[in-house]
Amino acid sequence: MEERIYLDHAAAMPVHPEVARFGRRFPDGFVGNPSTIYQEGLQAQETLAAAREKVAALVGASAPDSIIFTGGATESNNIAIRGTALRNRKSGKNVVASTIEHISVLNPAKDLQKSGFSLTLAPVDRYGTIDLAALAAAVTPETVVTSVHYANNEIGTIEPIREVAEIVHDRGGLLHVDAADAAGRIPINVKRDGIDLLTLSGNQLGGPDGIGALYIRPGVRVQPVIVGGGQERGLRPGTENVFSIACMGEAARLAKEEMPEESKRLAAIRDRLIAGITEIEEAYLTGHPTMRLPHHASFRFSRIEGESIQLAMNLLGIAVATGSACTSRTLEASHVLLAIGLAHEEAHGSMVATLGRENSEDEVPRIVGAIEETVKRLRAITPL
């Protein structure tokens, strides 16, 4: 029996083997509550400080204290959007986001409308690249925070973040960037890129689930979304998950070290997949053809449903995605694919393949062959 091939790293990544080994060695002794000042608590504080330094180094943050740890990217996005808007509401009551942001950005932004804020959505082109002219018109002196992700999780398109930052800062606003899918894949430097707040996911770096981080540029004012103790600068109350934070820090260190070679290796596999799959009749690449994440290949197929592709591929021993893992269970057309101009029936035929360290070029023929077989069989029985 052939081994399974896993191609949904945008939804969940296996823990990096070195992070797993690090976790098994940690701690050698008991680590206490980092809010205490006896030996065990001080040991925990040192562990948190070391993890902060590793995460800060990954994204070019000069001050480790600018990193706060959260329960994941969704929580980081909520703190960034809601916390920044509410804390700075005297400066304005408008929020701007691109039409293809992750749902954990769009929903907090929409929820702010209940508190008197307005939300403006900036469009993208057919590749998913943000329309800079439209963004410039959308961002006004009333705009408190603008959110544009570094790269899209569904179509892989990398955004022109430096140009976005110039537009936002020229109007006196703050820029939040969701980099959960981009960090560890492409170089990010918050100072060079002009980023005020940056979301990270521990699992997307090869660490455990249920842990994330938020970079907050020194001087940016944010209020907590939930209230409690004074942990994480008062912005994320509750006893810190020391073990997971330590593992996320190690994952960030490894990602920074391995990124140049690993991203190059994955890009080569990605390009072979794209070349093979787009040879299939009525198969189309979604997202930008060149400015895309090195591990990301996304497609649409005419006259078949993405869920059917996913189920059929699973029976052939290959795990692929259709749309975002956070929204695919709704069975509605992806808001990302609709925003790049696809019709509903076109958007329903999506498939996303995201690569990881266990994938190899040797798998490409089997993957392409399985997709070709699946598409042919499904089209033969489709009523579309």
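For the stretch 206-253, which positions are on the phi > 0 side of the Ramachandran plot, modelled with pLDDT of 95 or more and surrounded by 18 or more Cβ atoms within 10 Å (Cβ to Cβ)?
GLY206
Restricting attention to the stretch 176-194, does a residue exist that is more than 19 Å from GLY60 (Cβ to Cβ) and modelled with pLDDT of 95 or more?
No.
Conditions (1) farther than 30 Å from LEU342 by Cα; (2) touching a Pro at 6+ places or on another chain (Cβ under 9 Å), marked per residue:
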{"position": "THR143", "(1), (2)": "no, no"}
{"position": "TYR150", "(1), (2)": "no, no"}
{"position": "ALA179", "(1), (2)": "no, no"}
{"position": "PRO187", "(1), (2)": "yes, yes"}
{"position": "PRO208", "(1), (2)": "yes, no"}
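Might you check whether a residue that is without any contact (Cβ under 8 Å) to a residue 60 or more places away in the chain, surrounded by 14 or more Cβ atoms within 10 Å (Cβ to Cβ), in contact with a strand residue (DSSP E or B) (Cβ under 7 Å, 6 or more places away or on another chain) and in a helix (DSSP H, G or I) occurs anywhere in the stretch 350-366?
Looking for residues that are without any contact (Cβ under 8 Å) to a residue 60 or more places away in the chain, surrounded by 14 or more Cβ atoms within 10 Å (Cβ to Cβ), in contact with a strand residue (DSSP E or B) (Cβ under 7 Å, 6 or more places away or on another chain) and in a helix (DSSP H, G or I), one finds none in the stretch 350-366, hence no.
Which pairs turn up if I take residues in the stretch 272-287 that are over 13 Å from LYS376 (Cα atoms) and look for partners that are charged (D, E, K, R) with beta carbon separation below 7 Å, at least 6 apart in sequence or on another chain?
What qualifies is ARG272/GLU361; TYR284/ARG300; THR286/ARG300.
Out of the stretch 2-28, which residues are assigned to a loop (DSSP other than H, G, I, E, B), under 20 Å from LEU311 (Cβ atoms) and not aliphatic (A, V, I, L, M)?
Within the stretch 2-28, GLU2, GLU3, ARG4, HIS9 qualify.
For ILE167, are the conditions met, namely being more than 21 Å from LEU48 (Cβ to Cβ), over 19 Å from the mean Cα position of the chain (by Cα) and modelled with pLDDT of 95 or more?
Criteria met by ILE167.
If we only count strands (runs of 3 or more DSSP E) wholly inside the stretch 34-136, which ones have 3 or more residues that are surrounded by 15 or more Cβ atoms within 10 Å (Cβ to Cβ) and free of Cβ contacts under 8 Å to residues at least 60 places away in the same chain?
94-98, 118-122
Mind listing just one residue for me: the one in the stretch 326-340 that is assigned to a loop (DSSP other than H, G, I, E, B) and closer than 15 Å to SER298 by Cβ and, of those, modelled with the lowest pLDDT?
Selected residue: THR327.
Identify, please: which residue in the stretch 254-301 is β-branched (Val, Ile, Thr) and touching a strand residue (DSSP E or B) at 6+ places or on another chain (Cβ under 6 Å) and is, among those, surrounded by the most Cβ atoms within 10 Å (Cβ to Cβ)?
THR286
Considering each residue of the stretch 121-146, count those that are under 27 Å from PHE299 (Cβ atoms) and among the polar types (S, T, N, Q), and give that number.
1
The values are calculated or read from the model by the stated rules, or taken from the named source; none is laboratory data. These numbers come from a predicted model, not from an experiment. Positions of Cβ are backbone-derived with ideal geometry, glycine not excepted, and every protein chain shown enters the neighbour counts.
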